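Below you'll find the structure, written out as structure tokens, and then a few comments.
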2 protein chains.
Amino acid sequence: MQTLDKTQAKFAQLAAHLREVNDIESASSLLHWDQSTYMPPKGASARGRQLATLKQISHEKFTDPKIGELLEDLRFYEQTLPYDSTAASLIRIARRDYDRAARVPATFMSALCRHQADCYEAWAAARAANNFAAVEPYLEKTLELSRQYADFFPGYEHIADPLIDRSDYGMKVSLLRPLFAKLRQELVPIVEAITSQPPADDSCLHQDFPESQQLEFTRKVVERMGYDFQRGRQDTTLHPFMTNFSIDDVRITTRVYEDHLDQALFSSIHEAGHALYELGNSPEFEGTLLAGGVSSGVHESQSRLWENLVGRSRGFWECFYPQLQGVFLRQLGHVSTDAFYRAINKVSRSLIRTDADEVTYNLHVAIRFDLELAMVEGKLAVRDLPEAWNERYRTDLGVVPATDSEGAMQDVHWYVGTIGGMFQGYTLGNLMSAQFYETAVKLNPEIPVEIEQGNFTVLHDWLKQNIYQHGRKYTAVELLDRVTGSPLSIDPFIRYIRHKYGEFYVI
Amino acid sequence: MQTLDKTQAKFAQLAAHLREVNDIESASSLLHWDQSTYMPPKGASARGRQLATLKQISHEKFTDPKIGELLEDLRFYEQTLPYDSTAASLIRIARRDYDRAARVPATFMSALCRHQADCYEAWAAARAANNFAAVEPYLEKTLELSRQYADFFPGYEHIADPLIDRSDYGMKVSLLRPLFAKLRQELVPIVEAITSQPPADDSCLHQDFPESQQLEFTRKVVERMGYDFQRGRQDTTLHPFMTNFSIDDVRITTRVYEDHLDQALFSSIHEAGHALYELGNSPEFEGTLLAGGVSSGVHESQSRLWENLVGRSRGFWECFYPQLQGVFLRQLGHVSTDAFYRAINKVSRSLIRTDADEVTYNLHVAIRFDLELAMVEGKLAVRDLPEAWNERYRTDLGVVPATDSEGAMQDVHWYVGTIGGMFQGYTLGNLMSAQFYETAVKLNPEIPVEIEQGNFTVLHDWLKQNIYQHGRKYTAVELLDRVTGSPLSIDPFIRYIRHKYGEFYVI
């Protein structure tokens, strides 16, 4: 009995210590949110310093050897508990996060952070000036630091695995490379087929749609999806994101283009998808390491499921399009549901990942994934990146960037992160969104019918039950297996694309 | 040389340690700001926990014995520096704050905090139900804790002095009690004289003034005062306040009543007055203990100077009233400048401190000041507070609250703070606002003329030069002496009131 008491006291100590770290990180998140929404321009400099201070304190507190000792002392206790009990899961996830954080020296992390800040500045200037040479030395250093990071995890199978682990724990190059290769093999011909047929007309989306009306409509849509404005809010920002400060305060942001109706609409549905995930965590996870989403890929699977499989489906607009027409009668009164549906699902060969449709999107990601692997493996030199980039765009998408700004300097990721591990989550998200949704509909065939009525209850409940409530408890691999009974596969996604686009195109 | 190097290294260590504490406190301030402006309702519970965590961390870091050692080691260095040098001032203010924080055990502070939270809840319920008995035991405990707090500072002259020191360092009962007595002696007959003459008509303020137009106008007014929206912003909230997250991010809030034009207007000018103070701190104080305002009283002197001596002056409205009429032509087109000026300066015997005009306001404060002293001295029992309250309102203001909710339970202060030290700052602020302004105008007779032109440059520069830039460097007593050459006095305030109201009333 005394031993059990002692053990429980240690568990309570661990939980208290972790909660302190959680609270500091929630504060940081609020500082970030404010920075992107309401902060006056001149507040930026002190804000950067404050964020760095909070980060250092939370890192120090989280890598305190005391946590390591508690985790050691709780090893036996953990083994006596069911794997998926809250206590065992908390210890397991804490150990995983702690081991990772403790392996990387604080001095390295702060050097990396400083370099990332410098690199970001250099990138912003170089991109504006279309001068890749200016950013090359920074990218070289990022590459060097990325390799050094990997070396803190000796025994890896592939040098990119520890980098991938940071956001998609357990995903490995040996699994992902063949998956991307197969996906590319499937998608390139589909894109070729679709884009050789007459394109959809999306001019109806590019009229004049006043901001306030767009925001009011998207608010109604996300509310219908189940986003609770008692536990969140929506603000405007430059680059839309979701963030949370607790299980009961999960906020979304969007941006509105008055001549681009789909921006605010689909970015709102996307971010609300992320938010529903976190809002649906088991309440007992509040303030613990179990709150949140499994991984970058699983999180993205939830935003993309709502954005694309639901939000760009015909059934969804059977319900919402008449309402949208009611708001924008002058602009859309003469546009049929079918024409609108085709407009929001227009497929085109394009240069910019973030603007890409769901058919071509994963080709953009595959290019980046392959190129970052090649760089971290030492097979592609940084100076040769632009050429390799352009070549792959030519072969895969049939378009070539006119400048490196729309080419190898397009995305911020490599310039504020590592090289390796930065892009796989997007495609994992798309693949898993189809895999999860296919299962949901198989088990609940009424889902598509309900969606046509603007009712998301069965789908939302199923997602809560099977995915949301578990927070970070399972790994992506475990979750996929539990929920779909299958390992990660490209098949459901390809089936979804073929079925949906097969309606309009010969593919 | 080596010794100096060592000393400077210690000073740098102290500064770094204090900056860390500062950054945590800035984060807390942002969490508070968000809580009062944008936080969704259900975010409250986790937010409370996060604020408690940050408070504990900053308290631990600030009371770290390491800081005490550094302060000891720097004692000689401090004495070699000019008193008003930045370094000497930083060491001096840090020592003062540290000594105070270190004397009070962390366990006591957290017990006090917990009690304050409970007491607040009890008060909110008791006030709603007009049930003073329900809050009595809580107030008894607050009184007990307030006395215990004072006892951590043995050697005090009066038991309330350590409580007053918390917000108005250096102010003592021996100075304040005669001051309040004299003020009461002067004001009671003035109020009697004014209120026995025909009252001003303020019905022009109580029409329908749409929120957005009110906000737009107040924005223009505070901008003209010199409030910089690049370094701040204004949002709406329930109880207006000013807060800052750095010297370059000082925000104000207001509330708008559509049938009460003076609310948003004067609360905005008031909060902008607080903000100008902090925005005017010397830039080198950013992130240090020298940033901010001297004391509760001096801070309030700046908000009241702008709100009353400037914002409720005839000259101010000579300039702004035509603009206000332009915005609210239907409502104010037929109201003369003189009628408007009299309306915003209406004097009446009232029950509620926060709604009181500038003539009666200090009587409200004096009542509270005397009653809290009597309680902490043990001369007034908590259960007798309502009766004592009502009796003083009868004698001083000639009105008696019908309920304790508008009486002894009116203000939140005693129910979330201590008993003793909670109210003096308001009156100190009013007195000092007149004392500072009289000096400013004596030295710069063009100030009132400039104000008539909506130009605040000379006044604002004088305040920056003499008050704002110094932040917390001097005590209130030192600052008054430096700036006005006199000790704290009620005379400038009484002269101001007699002069201003002598225009309309025989007093």
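Whether any residue in the stretch A:127-141 is assigned to a helix (DSSP H, G or I), open to solvent by less than 40 Å² (accessible area, probe 1.4 Å) and either more than 24 Å from A:Leu373 (Cβ to Cβ) or touching a Pro at 6+ places or on another chain (Cβ under 6 Å) (or both) is what I want to check. Yes: one or more hits.
Name the one entry in A:Lys6, A:Lys55, A:Lys42, A:Lys61 that is modelled with pLDDT under 95, under 30 Å from A:Phe241 (Cα atoms) and among the charged types (D, E, K, R).
It is A:Lys55.
Scanning the stretch A:148-171 for residues that are open to solvent by 70 Å² or more (accessible area, probe 1.4 Å) and either at negative phi or in contact (Cβ under 8 Å) with a residue 60 or more places away in the chain (or both) yields A:Gln148, A:Asp151, A:Pro154, A:Tyr156, A:Glu157, A:Arg166, A:Tyr169.
Under 25 Å from B:Glu20 (Cα atoms) and either buried (at least 24 other Cβ atoms within 10 Å of the Cβ) or touching a strand residue (DSSP E or B) at 6+ places or on another chain (Cβ under 8 Å) (or both), is that true of B:Phe285? Considered against the rule, which asks whether it is under 25 Å from B:Glu20 (Cα atoms) and either buried (at least 24 other Cβ atoms within 10 Å of the Cβ) or touching a strand residue (DSSP E or B) at 6+ places or on another chain (Cβ under 8 Å) (or both), B:Phe285 comes out as no. Only a single item in (1) touching a His at 6+ places or on another chain (Cβ under 8 Å); (2) open to solvent by less than 20 Å² (accessible area, probe 1.4 Å) is not met by B:His299, and it is number (2). Could you go through the stretch B:465-479 and let me know if any residue there is buried (at least 17 other Cβ atoms within 10 Å of the Cβ) and without any contact (Cβ under 8 Å) to a residue 40 or more places away in the chain. Yes. Restricting attention to the stretch A:228-241, the residues that are under 21 Å from B:Gln35 (Cβ atoms), open to solvent by less than 40 Å² (accessible area, probe 1.4 Å) and not hydrophobic (A, V, I, L, M, F, W, C) total 4. Per the listing A:Leu428, A:Leu380, the residue uniquely within 29 Å of A:Leu309 (Cβ to Cβ), open to solvent by less than 40 Å² (accessible area, probe 1.4 Å) and aliphatic (A, V, I, L, M) is A:Leu428. The single condition among (1) in contact with a strand residue (DSSP E or B) (Cβ under 7 Å, 6 or more places away or on another chain); (2) closer than 29 Å to A:Ser146 by Cα that A:Pro40 does not satisfy is (2).
Yes/no matrix, rows are residues, columns are (1) assigned to a helix (DSSP H, G or I); (2) over 20 Å from the mean Cα position of the chain (by Cα):
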{"site": "A:His299", "(1), (2)": "yes, no"}
{"site": "A:Asn308", "(1), (2)": "yes, no"}
{"site": "A:Lys346", "(1), (2)": "no, yes"}
{"site": "A:Met375", "(1), (2)": "yes, yes"}
{"site": "A:Lys379", "(1), (2)": "no, yes"}
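B:Ser174 meets the conditions (1) under 30 Å from B:Phe493 (Cα atoms); (2) surrounded by 14 or more Cβ atoms within 10 Å (Cβ to Cβ) in every case but one. The failed one is (2).
This table checks each residue for (1) more than 8 Å from chain B (Cβ to nearest Cβ); (2) without any contact (Cβ under 8 Å) to a residue 40 or more places away in the chain.
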| position | (1), (2) |
| --- | --- |
| A:His32 | yes, no |
| A:Pro41 | no, yes |
| A:Arg49 | no, yes |
| A:Leu54 | no, yes |
| A:Ser58 | yes, yes |
| A:Thr63 | yes, no |
| A:Ile67 | yes, no |
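Taking the conditions (1) away from chain B (no Cβ under 13 Å); (2) open to solvent by less than 20 Å² (accessible area, probe 1.4 Å); (3) small (Gly, Ala, Ser) in turn, A:Ser85 satisfies each one other than (2).
Across the stretch B:383-404, the qualifying residues are those that are touching a residue at least 12 places away in the same chain (Cβ under 8 Å), farther than 17 Å from B:Ala134 by Cβ and in contact with a Phe, Trp or Tyr (Cβ under 9 Å, 6 or more places away or on another chain), and the one among them that is least open to solvent (accessible area, probe 1.4 Å) is B:Pro401.
For B:Glu186, state whether it is open to solvent by 10 Å² or more (accessible area, probe 1.4 Å), in contact (Cβ under 8 Å) with a residue 24 or more places away in the chain, charged (D, E, K, R) and closer than 30 Å to B:Thr457 by Cβ.
Judged against the criteria, B:Glu186 is not a match.
Against the definition (part of a loop (DSSP other than H, G, I, E, B) and either modelled with pLDDT of 95 or more or farther than 25 Å from A:Asp168 by Cα (or both)), how does A:His364 come out, yes or no? In short, no. Counting only helices (runs of 4 or more DSSP H) wholly contained in the stretch B:422-507, the ones carrying 1 or more residues that are within 30 Å of B:Ala150 (Cα to Cα) occupy B:424-443, B:476-484. Any residue at all in the stretch B:280-288 that is modelled with pLDDT of 95 or more, assigned to a helix (DSSP H, G or I) and within 13 Å of chain A (Cβ to nearest Cβ)? Yes, the conditions are met somewhere in the stretch B:280-288.
Residue-level check: of (1) modelled with pLDDT of 95 or more; (2) under 30 Å from B:Leu289 (Cβ atoms); (3) surrounded by fewer than 21 Cβ atoms within 10 Å (Cβ to Cβ), B:Phe245 misses just (3).
To keep it simple, each residue is scored yes or no on (1) farther than 20 Å from B:Ala44 by Cα; (2) open to solvent by less than 50 Å² (accessible area, probe 1.4 Å); (3) out of contact with any His (no Cβ under 6 Å at 6 or more places or on another chain).
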{"residue": "A:Asp23", "(1), (2), (3)": "no, yes, yes"}
{"residue": "A:Ser26", "(1), (2), (3)": "no, yes, yes"}
{"residue": "A:Ser29", "(1), (2), (3)": "no, yes, yes"}
{"residue": "A:Lys42", "(1), (2), (3)": "yes, no, yes"}
{"residue": "A:Gln50", "(1), (2), (3)": "yes, yes, yes"}
{"residue": "A:Gln56", "(1), (2), (3)": "yes, no, yes"}
{"residue": "A:Pro65", "(1), (2), (3)": "yes, no, yes"}
{"residue": "A:Glu69", "(1), (2), (3)": "yes, no, yes"}
{"residue": "A:Phe76", "(1), (2), (3)": "yes, no, yes"}
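Selection over the stretch A:411-420 of residues that are assigned to a loop (DSSP other than H, G, I, E, B) and open to solvent by less than 10 Å² (accessible area, probe 1.4 Å) gives a count of 4. Note on the stretch B:328-364: residues that are in contact (Cβ under 8 Å) with a residue 60 or more places away in the chain and of a type in the set (S, T, N, Q) amount to 5. For the stretch B:310-343, the candidate set comprises residues that are assigned to a loop (DSSP other than H, G, I, E, B) and in contact with a helix residue (DSSP H, G or I) (Cβ under 8 Å, 6 or more places away or on another chain); within that set, the residue that is surrounded by the most Cβ atoms within 10 Å (Cβ to Cβ) is B:Gly311.
The values are calculated or read from the model by the stated rules, or taken from the named source; none is laboratory data. Remember, predicted model here, so these are calculated numbers, not experimental data. Neighbour counts run over all protein chains shown; Cβ positions are idealised from the backbone, glycine included. The area values use the complete protein model at the heavy-atom level, side chains included, leaving out ligands, DNA and RNA. Shrake-Rupley method; radii C 1.70, N 1.55, O 1.52, S 1.80 Å.
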